[in-house]
Amino acid sequence: MSLLLGFTAITLFIMGIAGVLMKRNPLVMFMSIELMLNAVNLGLMTIGRANESIDAQIITIFIIAVAAAEVAVGLGIIVTLFSDRDDVDVDKINMLKG
């Protein structure tokens, strides 16, 4: 069971890396980063279950809380970029420079 979950976590992480590297849309890149974060959470839970330790579950709860704050801030920035610009290509965004 834990071997299957480990392979699933690795597959999800690789899909997230592919999404970040291949797409230039910031929303898709953001979703891919979240997919990688959830893959790490799944892998951490798998390791914790294999070792019969509750510590991994506690750490995962904290990671999920930080991810929720990241989603709130990141989506706010992305929505602002979408509303201010017609072109949302990541290579052309230079609005955040001081």
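Each reported figure results from applying straightforward, stated rules to the coordinates on display, with no laboratory input. Predicted, not measured: the structure shown is a model, and the values here were computed from it. Cβ coordinates were reconstructed from backbone atoms using ideal geometry, including for glycine residues, and neighbour counts include every protein chain displayed.
The residues of segment 1-29 that are free of Cβ contacts under 8 Å to residues at least 60 places away in the same chain and not hydrophobic (A, V, I, L, M, F, W, C), listed by number, are 2, 6, 8, 11, 16, 19, 23.
Would you mind stating whether residue 28 is in a helix (DSSP H, G or I) and touching a Gly at 6+ places or on another chain (Cβ under 9 Å)? First the steps, then the outcome.
Working: in a helix (DSSP H, G or I): yes; touching a Gly at 6+ places or on another chain (Cβ under 9 Å): yes.
When the stated conditions are applied, residue 28 passes them.
In segment 36-64, the residues that are under 19 Å from residue 1 (Cβ atoms) and in contact (Cβ under 8 Å) with a residue 12 or more places away in the chain reach residues that are of a type in the set (Lys, Arg) and part of a helix (DSSP H, G or I) with C-beta atoms within less than 8 angstrom, at least six apart or across chains, in these pairs: 56/49.
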